[in-house]
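Taking it in order: structure first as structure tokens, then the write-up.
The values are calculated or read from the model by the stated rules, or taken from the named source; none is laboratory data. What you see is a predicted model; the values in this text were computed from it and never measured. Using ideal geometry, Cβ is built from the backbone for each residue, glycine included, and neighbour counts are taken over all protein chains shown. The protein model used for the area step is the full one, side chains on, heavy atoms only, and it has no ligands, DNA or RNA in it. Shrake-Rupley method; radii C 1.70, N 1.55, O 1.52, S 1.80 Å.
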Amino acid sequence: MSAPGGNGARPRLFVTRRLAVDAAAVAGPAVEVRVFAPPGPERPPTREELLAGARGAAGLVTLLSDAVDVALLDALPGLRVVANHAVGVDNVDLAAATARGVWVTNTPDVLTDATADLTWALLLAVARRLREGEALLRGGGFHGWSPTLLLGLELRGRTLGVFGFGRIGRAVARRAAGFGMDVLYTSRRPVPPAEASGARAVDKAELLAHADVLSVHCPLSAETHHAVGAAELARMKRGAILVNTARGPIVDEGALSAALAAGHLGGAGLDVYEDEPAVHPGLLGRHDVVLLPHVGSATHEARRRMAELALGDAARVVRGERPLHPVNAPALRA
């Protein structure tokens with residue numbers, strides 16, 4: 001595969017957001033780097049800004065908020081790589097990219113522990129009613145210890161259901177041992193016993209019926225869109241907790257809001273949203289719901305490594321090399 005820019009011009013990368021590293025330094029001197037950095041608050045580019053910035057670029061470094069679809073790919077005939085600053089690539093039309101000879105890469109492994117830790121932060125916050133407790137204290141409503149104040153869910157002996165048992169799901173399950181929880185999981189693929197860490201594989205119906213806490217970790221696809229909807233929520237135990245740190249559209253937020261309002265669920269912890277950054281209005285005012293602004297991978301270490309992997313693979317491809325973390329296999333261009 002030959003690199004673009006044979007006339008002496010350096011191939012260019014367009015990076016759609018400021019990253020946790022110096023993008024130009026990571027990409028190296030053989031590559032020109034332009035970063036979308038508008039004045040004012042940090043925000044993603046509009047469609048028009050994305051097209052304008054990417055025009056003439058050989059590579060894109062994108063975030064989940066950047067839709068890379070057929071129209072965008074066709075508008076950028078010189079594009080050779082889309083390096084997604086994420087593990088998931090549901091914002092990219094993989095079939096269209098592959099058909100046009102465009103590599104798509106992701107950033108596996110480096111955010112597993114950060115996201116698993118954040119999952120447990122949400123789980124504990126909901127189980128022990130931390131949002132309610134902080135609001136009570138800050139609002140001047142705490143007048144001393146009481147034996148019935150803010151009673152929550154004790155985790156020892158409870159069942160954690162892990163919906164999707166990839167790297168992050170397995171990391172969440174491993175942490176459950178320290179809390180004395182039993183773990184059930186669903187997985188699209190067989191999991192070797194050594195990687196299951198004592199967790200037991202079940203079907204979706206059994207997972208929903210037995211989980212005291214259901215933690216969502218499957219990838220988003222056409223099959224998993226609204227995989228946790230009204231019917232699934234109704235099958236869960238009364239008082240159970242739902243945690244989602246995967247992708248927002250996996251959970252039907254309207255159905256979740258209704259299940260909480262009816263008193264069927266005991267609470268929810270969400271880091272991702274169906275129409276992100278918007279949140280279903282039925283969830284915003286509830287004290288039994290903990291809401292975070294998509295910070296699952298927000299540690300210095302994880303975000304630095306994500307940026308390094310994405311930029312590194314983008315730079316490799318535009319220099320004429322193969323990426324290290326591809327998620328597709330396009331035909332090589334001459």
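Here are the numbers for this structure:
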quantity	calculated
Share of carbon and sulfur in the accessible heavy-atom surface of the chain [1.4 Å probe, %]	55 percent
Accessible area per residue in Å² at 1.4 Å probe, computed on region 12-85	42 Å²
Sites residue 94 and residue 51 - FRET efficiency at Förster radius 22 Å, r taken between beta-carbons, to 0.05	0.65
Stokes-Einstein translational diffusion, region 3-147 - Kirkwood Rh over all Cα pairs, 1.002 mPa s, 20 °C, in µm²/s	118 µm²/s
Residue 117 accessible area, assembled protein chains, probe 1.4 Å, Å²	80 Å²
FRET efficiency for residue 136 and residue 24, using Cβ-Cβ distance with R0 set to 51 Å, rounded to 0.05	0.55
Cleavage-rule hits, GluC sites (Glu not before Pro), region 148-243, DSSP coil, Cβ neighbours within 10 Å at most 14	154, 223
Antiparallel bridges, percent of DSSP beta bridges restricted to the chain (to nearest 5)	5 percent
Sparse-neighbour loop sites [GluC sites (Glu not before Pro); region 1-82; at most 12 other C-beta within 10 Å; DSSP]	42
Amide N proximity, region 260-277 versus residue 238 label position 7 Å along Cα-to-Cβ, cut-off under 13 Å	262-266
